[in-house]
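One structure below.
The values are calculated or read from the model by the stated rules, or taken from the named source; none is laboratory data. Just so you know, these numbers come straight off a predicted model, no measurement behind them. Cβ coordinates were reconstructed from backbone atoms using ideal geometry, including for glycine residues, and neighbour counts include every protein chain displayed. Ligands, DNA and RNA are excluded from the accessible area calculation, which covers all protein heavy atoms including side chains. Shrake-Rupley method; radii C 1.70, N 1.55, O 1.52, S 1.80 Å.
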Amino acid sequence: MTEDKQLQDELALYGVHLTLLEQVYNWGRSNSLWPLQFGLACCAIEMIASVTARYDLGRFGSEIFRPSPRQADLMIVSGTVTKKMAPQVVRLYNQMAEPKYVLAMGACAISGGPFKGGYNVVKGIDRYIPVDIFVPGCPPRPEALLNGIIHLQETIRRQKLSGPGKARHADRDQPSEYAIPEEGGRDLVPQYNAETWRPSWQGGGK
Amino acid sequence: MWLVIIQLKIGIILTFFSLLFAVASLAERKILARIQNRRGPNRVGPCGLFQPIADGIKMLIKEDVVPRKADRALHFLAPIVMVAPMVLLFGILPYGGGLTLVDLEVGLLFFFAVSSVSELAVFMAGWSSANKYSVFGAMRAIAQMVSYEVPLVLVAITPVMVAGSLSLVHMVEDQAGYAIGVIPNWFVLTPWGIVGFLLLFVTSLAEANRTPFDLPEGESELVAGHLTEYSGFKYALFFMGEYFGIFAGSGLAVALFLGGGGAPLPLLQWIPPYLWFFVKLVVLVGIVIWVRASLPRMRIDQLMDLCWKGLVPLAFVNLIAAAIWHYSGGGWQGWILAGGLLVGAYLMLNRVVLRSRCSWERKYYLAKS
Amino acid sequence: MNVVLFIIAALILVGALATVCVRNLVYCALSLAATFAALGMLYLALGAEFIGWVQILVYVGAVAVLIVFVILLTAPDRMRSVGPLFSRSRILGVGVSLGVFGTIAYAVHKSGSLKGSLSMPAETDMQSIGEELLSSYLVPLEATGVLLTVALIGAVLFAREEPVEGSEESQESKD
Amino acid sequence: MERMASHYRKSGGRWLGSGILRGMGVTLKNWIGSYFDPSRLVTVCYPGERLPLPENSRSFPFLIYDGDDPEAGLRCVACRICEKECPPECIHIENERDENGKPRKRPAVFDIDISVCMSCQICVEVCPFDAIEMDQIYAISTNARFEPLRLHKEQLLKPNEYFRELSPTRSAAADARREAERAKQAKKKEAGKKG
């Protein structure tokens with residue numbers, strides 16, 4: 001790894017950029033994040049507010065909220081994911097075309113928030129789909145969402161397309177679709193997707 | 001030599017329209033933002049100028065999803081059938097100044113014949129996606145395009161009647177020269193011309209599925225209409241086809257009513273005609289964007305009402321007015337007769353529509369008013 | 001020139017065969033559109049510019065689209081239907097089509113237009129077509145117009161829903 | 001002319017299409033105006049410029065210490081009222097213990113899970129020592145869910161000067177309250193000495 005880096009730096013001195021393609025690729029992806037047009041709860045109001053004139057998500061090239069998951073790049077999970085809604089959220093994620101990203105906005109989407117003890121709320125959407133960015137708050141200010149999107153852009157620019165530690169969508173071993181939970185007798189079945197989340201007693205999480 | 005020149009012309013025209021596509025997609029976002037008191041894309045490159053490039057890269061590398069139940073062949077063909085005719089249309093637009101590619105004797109007929117193929121593309125896209133929203137969107141789109149083609153053709157016939165030719169180049173030549181030395185002889189500066197131009201503008205908006213006629217893509221009820229299952233580059237092609245349709249429609253309006261490459265003042269004739277043509281085209285595209293930012297989407301019954309009860313009768317009246325104008329020699333008698341007819345039609349429409357609207361009482365079933 | 005004509009003829013034949021032989025209703029409609037387009041190309045290749053583009057405008061742009069629209073409206077479930085390709089009365093069908101084909105062939109053969117070599121007709125310009133239409137063919141043209149108008153009004157009359165007596169709508173109209 | 005005027009009145013004082021033109025005029029005014037009139041372009045370019053937050057704006061809680069040393073000036077006595085009162089139960093406190101295992105009046109662990117916190121400010125209301133207050137930092141976003149969003153004592157501790165800057169009104173009230181309490185304690189002590 002480090003040798004690669006050294007070699008690249010050395011070559012860059014002579015004007016050869018091995019990572020140019022990767023940079024262009026990442027630059028394009030990061031600057032054209034079209035969110036999926038859906039909102040779940042109160043955080044959706046803040047998400048809508050972040051597209052308004054005062055905050056203007058459009059400055060980042062993200063004001064085009066696509067209604068169809070096929071054309072969206074970014075899924076902003078904005079609000080409480082109830083057990084009834086979780087299958088739809090996972091299904092929408094599965095329908096999105098790669099490369100796709102997920103931003104969990106607000107306490108409820110991250111962990112269940114104030115309702116995490118409730119019988120009807122999913123304790124964090126990251127149990128079912130891989131989340132790239134977490135934006136805490138209840139709800140987060142529009143600026144916090146903008147900050148989260150800037151953070152996501154930086155994350156994308158740092159992603160690698162080959163070699164170890166490459167981006168999720170570039171890795172053939174990583175799944176692109178996840179099992180859709182269904183309502184069981186007591187809880188959703190499955191309770192979590194093992195590819196994305198491991199409960200604490202299996203050595204994941206806290 | 002002849003082949004090289006032709007290829008050069010094709011290259012110039014295609015480059016211009018591709019560039020215009022990129023610029024228009026950015027300008028649309030910027031202008032929409034400005035109208036909504038926002039700034040719009042400004043973080044990618046200077047003033048957000050590289051935003052279309054970023055979007056293009058992203059579209060290119062986005063996964064191409066084809067639903068399992070979709071009809072793969074038609075799903076693949078639809079975007080191509082959408083874009084190809086639109087590109088063909090650029091071939092016959094009369095840019096003037098030697099840039100005109102083909103002077104077809106039946107230019108206008110060619111325009112409508114080729115542009116009507118895009119309806120089949122919409123159908124192919126909607127049906128092949130195996131998605132009910134796509135089918136509904138396609139049905140709406142086809143119903144709308146078929147309906148609006150009637151007033152579109154009726155309106156486009158008026159300049160044909162006056163100029164006496166179907167050739168777009170001939171029509172532009174017919175609008176050359178200046179009355180009283182300053183006022184250009186454009187058709188838009190006649191009573192039937194201004195009405196015809198407005199009708200043509202409205203109908204070509206509907207043909208291109210643009211706001212306020214973008215019902216086929218109404219996201220609140222149809223997700224994205226016939227585009228629902230398209231991702232990545234195929235979606236970009238549809239997007240491009242829509243924009244090319246707007247450019248071609250604007251080009252037709254420029255050729256039919258705005259004097260093609262003619263300068264608005266005799267003083268400005270030293271500027272080459274194709275530049276004038278492009279300036280007028282860009283202004284029209286700007287107005288299309290402006291309309292999008294101003295007007296809300298119509299309902300499907302309003303859309304059909306507008307077409308069959310508003311635009312088609314108006315187009316007929318306009319045809320008669322143009323005939324009167326033509327046979328009265330285009331002098332002051334023409335202004336009085338044709339203008340009077342059109343103003344009368346407008347007044348009548350005004351009376352009928354607004355009166356019926358005033359006497360229309362809303363019924364409340366649950367709320368007691 | 002002949003090569004182009006044969007290519008177009010092959011396209012027309014393939015399209016027409018596909019129209020009747022393909023099982024998928026939508027494919028049938030689309031191959032019909034392709035056949036129409038190929039016919040238009042044939043006219044264009046023969047130098048009849050006006051009729052060629054009108055063929056494409058009217059048949060591809062309007063007729064085929066209407067067929068497609070009707071398919072969408074009426075048979076959304078039967079679009080991928082599976083049924084017997086040949087109908088039970090195929091012998092009768094073959095007989096009828098042979099008869100029609102024979103009659104046309106006989107008429108063409110009798111007219112003597114096949115005797116001479118395949119020659120290009122002179123280019124017809126728009127001016128002469130318009131003048132012919134509005135002088136010697138004025139009556140047929142007007143008659144066609146009237147016929148189409150009648151058909152249109154008839155279609156509207158058929159499609160209009162008569163308010164049922166005693167229903168809310170008819171009462172409203174009485175008020 | 002007269003006819004036209006009467007027609008205009010009959011049609012409800014409107015011309016067909018005038019509404020569209022008026023609407024287009026409004027948008028045109030906004031479009032052109034946005035290049036000249038700052039009130040028509042209200043965007044605050046976030047990472048560069050930021051809106052001033054109102055004083056009572058709040059995001060997540062933090063712990064206050066007096067003086068310079070966070071450990072010595074810690075106001076929190078680990079009474080765990082906030083832990084009990086927190087509706088989403090996002091506060092986790094463990095007392096410091098001496099050699100015998102007896103709990104001291106100091107927190108060894110004070111964690112706030114801001115992935116759960118709902119910024120309700122109840123911990124601030126119930127704290128008898130004004131030790132916990134609401135911060136205004138909102139620009140937090142992380143790539144991972146658990147550790148980065150679980151704020152520990154070291155991250156939570158902030159000096160009283162910071163709070164004074166953040167919210168002059170509330171900090172002045174808190175300071176006055178603490179001063180009064182201290183004076184009362186001193187009086188009590190004196191009275192006890194006298195007694």
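From B:163, B:208, grab the single residue that is open to solvent by less than 20 Å² (accessible area, probe 1.4 Å) and touching a residue at least 24 places away in the same chain (Cβ under 8 Å). First the steps, then the outcome.
Values: B:163 fails: touching a residue at least 24 places away in the same chain (Cβ under 8 Å).
Testing whether each residue is open to solvent by less than 20 Å² (accessible area, probe 1.4 Å) and touching a residue at least 24 places away in the same chain (Cβ under 8 Å) leaves just B:208.
Across segment D:83-94, which residue is nearest to residue D:145 (Cα to Cα) among those that are of a type in the set (A, V, I, L, M, F, W, C) and assigned to a strand (DSSP E or B)?
D:91
Please work out if residue A:178 is aromatic (Phe, Trp, Tyr), touching a helix residue (DSSP H, G or I) at 6+ places or on another chain (Cβ under 7 Å), part of a loop (DSSP other than H, G, I, E, B) and open to solvent by 40 Å² or more (accessible area, probe 1.4 Å). So that I can check it myself, show each step before the final result.
Values: aromatic (Phe, Trp, Tyr): yes; touching a helix residue (DSSP H, G or I) at 6+ places or on another chain (Cβ under 7 Å): yes; part of a loop (DSSP other than H, G, I, E, B): yes; open to solvent by 40 Å² or more (accessible area, probe 1.4 Å): no.
It is false that residue A:178 is aromatic (Phe, Trp, Tyr), touching a helix residue (DSSP H, G or I) at 6+ places or on another chain (Cβ under 7 Å), part of a loop (DSSP other than H, G, I, E, B) and open to solvent by 40 Å² or more (accessible area, probe 1.4 Å).
Being farther than 20 Å from residue A:74 by Cβ and modelled with pLDDT under 90 narrows it down to one of B:43, B:68, so name that one.
Values: B:43 fails: farther than 20 Å from residue A:74 by Cβ.
Result of the check over B:43, B:68: B:68.
List the pairs whose first member sits in segment D:95-113 and is part of a loop (DSSP other than H, G, I, E, B), whose second member is modelled with pLDDT under 90, and whose Cβ atoms are under 7 Å apart, counting only residues at least 6 apart or on separate chains?
Qualifying pairs under 7 Å: D:98/D:104.
For segment B:47-60, enumerate the residues that are of a type in the set (A, V, I, L, M) and without any contact (Cβ under 8 Å) to a residue 24 or more places away in the chain.
B:49, B:54, B:57
Looking at segment B:110-129, which of its residues are outside any helix (DSSP H, G or I) and facing chain C (nearest Cβ under 10 Å)? Steps first, answer last, please.
To start, the set of residues in segment B:110-129 that are outside any helix (DSSP H, G or I) comprises B:116, B:129.
Answer for segment B:110-129, where residues must be outside any helix (DSSP H, G or I) and facing chain C (nearest Cβ under 10 Å): just B:116.
Can you tell me which of D:113, D:130, D:98 is among the acidic types (Asp, Glu) and touching a Cys at 6+ places or on another chain (Cβ under 8 Å)?
On the way: D:130 fails: touching a Cys at 6+ places or on another chain (Cβ under 8 Å); D:98 fails: touching a Cys at 6+ places or on another chain (Cβ under 8 Å).
Just a single option satisfies the conditions, and that option is D:113.
When you look at residue C:86, is it more than 10 Å from chain B (Cβ to nearest Cβ), more than 29 Å from residue B:104 (Cβ to Cβ) and at pLDDT 90 or above, yes or no? Spell out the reasoning first.
Numbers: more than 10 Å from chain B (Cβ to nearest Cβ): yes; more than 29 Å from residue B:104 (Cβ to Cβ): yes; at pLDDT 90 or above: no.
So residue C:86 does not fit the description; no.
Filter segment B:202-242 for residues that are at the interface with chain A (Cβ under 10 Å from one of its Cβ atoms) and among the polar types (S, T, N, Q); which is farthest from residue B:136 (Cα to Cα)?
In this case the residue turns out to be B:231.
Test each condition in (1) within 14 Å of another protein chain (Cβ to nearest Cβ); (2) modelled with pLDDT of 80 or more; (3) exposed (fewer than 10 other Cβ atoms within 10 Å of the Cβ) for residue C:28 and report the one that comes out false.
(3)
Keeping to segment B:45-60, report how many residues are closer than 11 Å to residue B:236 by Cα and facing another protein chain (nearest Cβ under 7 Å). Steps first, please.
If we filter segment B:45-60 for residues that are closer than 11 Å to residue B:236 by Cα, which is where we start, we get B:55-60.
Checking which are facing another protein chain (nearest Cβ under 7 Å) leaves us with B:55, B:57-58.
Number satisfying all stated conditions: 3.
With the structure loaded, tell me whether residue B:262 is under 30 Å from residue B:70 (Cβ atoms), touching a residue at least 40 places away in the same chain (Cβ under 8 Å) and of a type outside the set (Ser, Thr, Tyr) or whether it fails that test. Walk me through it before giving the result.
Working: under 30 Å from residue B:70 (Cβ atoms): no; touching a residue at least 40 places away in the same chain (Cβ under 8 Å): yes; of a type outside the set (Ser, Thr, Tyr): yes.
Criteria not met by residue B:262.
Does segment D:19-43 hold any residues that are hydroxyl-bearing (Ser, Thr, Tyr), more than 20 Å from residue A:55 (Cβ to Cβ) and open to solvent by 70 Å² or more (accessible area, probe 1.4 Å), and which are they?
Keep residues of segment D:19-43 that are hydroxyl-bearing (Ser, Thr, Tyr), which gives D:27, D:34-35, D:39, D:43.
Within this subset, residues satisfying the condition of being more than 20 Å from residue A:55 (Cβ to Cβ) are D:27, D:35.
Answer for segment D:19-43, where residues must be hydroxyl-bearing (Ser, Thr, Tyr), more than 20 Å from residue A:55 (Cβ to Cβ) and open to solvent by 70 Å² or more (accessible area, probe 1.4 Å): just D:35.
With the checklist (1) in contact (Cβ under 8 Å) with a residue 24 or more places away in the chain; (2) closer than 22 Å to residue B:115 by Cα in hand, flag the one item residue C:51 doesn't pass.
(1)
Any chance segment B:274-287 includes a residue that's surrounded by fewer than 24 Cβ atoms within 10 Å (Cβ to Cβ), in contact with a strand residue (DSSP E or B) (Cβ under 9 Å, 6 or more places away or on another chain), in a helix (DSSP H, G or I) and at pLDDT below 90? Give the derivation first.
So in segment B:274-287, the residues surrounded by fewer than 24 Cβ atoms within 10 Å (Cβ to Cβ) come out as B:274-276, B:278-280, B:282-287.
Narrowing further to those that are in contact with a strand residue (DSSP E or B) (Cβ under 9 Å, 6 or more places away or on another chain): none.
No, that holds for no residue.
As an exercise: evaluate residue C:13 against (1) within 13 Å of the chain's Cα centre (by Cα); (2) surrounded by fewer than 19 Cβ atoms within 10 Å (Cβ to Cβ); (3) at pLDDT 90 or above and give the number of the one condition it does not meet.
Here residue C:13 meets the rest and fails (1).
Quickly run through segment C:31-43 and pick out the residues that are within 10 Å of chain B (Cβ to nearest Cβ) and among the hydrophobic types (A, V, I, L, M, F, W, C). If you could, list the steps in order and put the result at the bottom.
Initial filter on segment C:31-43 (within 10 Å of chain B (Cβ to nearest Cβ)): C:33-34, C:37, C:40.
Answer for segment C:31-43, where residues must be within 10 Å of chain B (Cβ to nearest Cβ) and among the hydrophobic types (A, V, I, L, M, F, W, C): C:33, C:34, C:37.
Restricting attention to segment A:76-127, and to residues there that are within 14 Å of chain B (Cβ to nearest Cβ) and in contact with a strand residue (DSSP E or B) (Cβ under 9 Å, 6 or more places away or on another chain), which single residue is farthest from residue D:120 (Cα to Cα)?
The residue in question is A:96.
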